[in-house]
Each structure stands twice: as structure tokens, then as C-alpha cells.
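Following: one structure in C-alpha cells, then a few remarks.
Just so it is clear, none of the values below were taken in a lab; they were calculated from the coordinates. The shown structure was predicted, so the numbers you read here are calculated from the model rather than taken from an experiment. Using ideal geometry, Cβ is built from the backbone for each residue, glycine included, and neighbour counts are taken over all protein chains shown.
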Amino acid sequence: MTEDGIVYIRKNRRTGTRVALIDTSAPECVFDSAGGRWVTLCTVHGSLCNHRTRKTAESFVAYPESFCEQCAGDEHAL
């Protein structure tokens with residue numbers, strides 16, 4: 001994990017966007033943990049979603065169209 005909380009970044013096969021998994025407990029992390037410690041972030045559009053568990057967050061990494069409206073509207077996401 002980096003100082004800013006990024007655990008990893010993955011390129012989504014369907015949308016082509018990169019999605020970051022972030023741990024808000026990192027000292028330099030700028031994301032709010034109010035909705036859950038783990039954050040999935042669409043690095044292209046800036047959409048994010050908080051999750052209570054890492055397992056749930058990791059499942060969202062594979063489906064950015066579930067939390068990013070721009071990815072959901074992208075014709076390549078279908």
C-alpha cells in the first residue's frame with residue numbers, strides 16, 4: 001500500500017477504465033471513511049464508492065459501471 005492509501009489499480013476489461021482500491025486508514029489518505037474504510041475509485045471519471053469490507057470493495061473493482069455513471073453510460077461497458 002502506498003502512503004496515500006492506494007492498495008492497487010486495475011484496468012477493467014469491459015470499460016477500459018482503471019479502478020483503484022483505496023484503504024482510507026492510511027495516514028495520508030484524503031478520502032473520507034464515513035461510508036466505510038475501503039474505497040473504489042474510477043480514476044478516469046473520479047466517481048467513488050465506500051465499502052465496509054475489502055472483499056466487497058474488491059468485487060466493485062470488477063464492475064465500475066455499478067458505481068460510476070459515466071462508465072455505466074459508456075457503450076463499451078455493455
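Here the spin labels are modelled as points 7 Å beyond Cα on the Cα-Cβ line, and at R14 and S66 they lie 1.0 nm apart. Amide H contacts under 5 Å for N12: T17, R18, V19, restricted to partners 5 or more places along the chain or on a different chain, H placed in the peptide plane at 1.01 Å from N. Taken one residue at a time, the phi angles of the stretch 14-22 give Karplus couplings (6.51, -1.76, 1.60, θ = phi - 60°) of 6, 8, x, 7, 9, 10, 9, 9, 10 Hz. Gly and Pro are set to x. Backbone phi angles across the stretch 39-51, fed through the Karplus curve with coefficients 6.51, -1.76 and 1.60 (θ = phi - 60°), yield HN-Hα couplings of 10, 9, 10, 7, 6, 7, 9, x, 6, 9, 8, 8, 9 Hz in residue order; Gly and Pro are listed as x. For the stretch 24-78, the list of GluC sites (Glu not before Pro) that fall in a loop by DSSP and count at most 15 other C-beta atoms within 10 angstrom reads E28. Along its three principal directions, the equivalent ellipsoid of the chain from the Cα gyration tensor extends over semi-axes of 21, 12, 10 Å, largest first. Checking Cβ-Cβ separations below 4.7 Å across the chain identifies C29, C49 as cysteines lacking any candidate disulfide partner. Just checking the listed ones, A26, A34, A62: in the Gaussian network model of the chain with Cα springs under 10 Å, the one fluctuating most is A34. Residues whose amide H comes within less than 5 Å of that of I6, counting only those at least five positions distant or on another chain, are D23 (H built at 1.01 Å from N in the peptide plane). Summing Cβ point charges (Lys, Arg +1; Asp, Glu -1) relative to the Cα centre of the chain gives a dipole of roughly 360 debye. Among the trypsin sites (Lys or Arg not before Pro) in the stretch 29-68, those located in a DSSP loop and surrounded by at most 14 other Cβ atoms within 10 Å of their own Cβ are R52.
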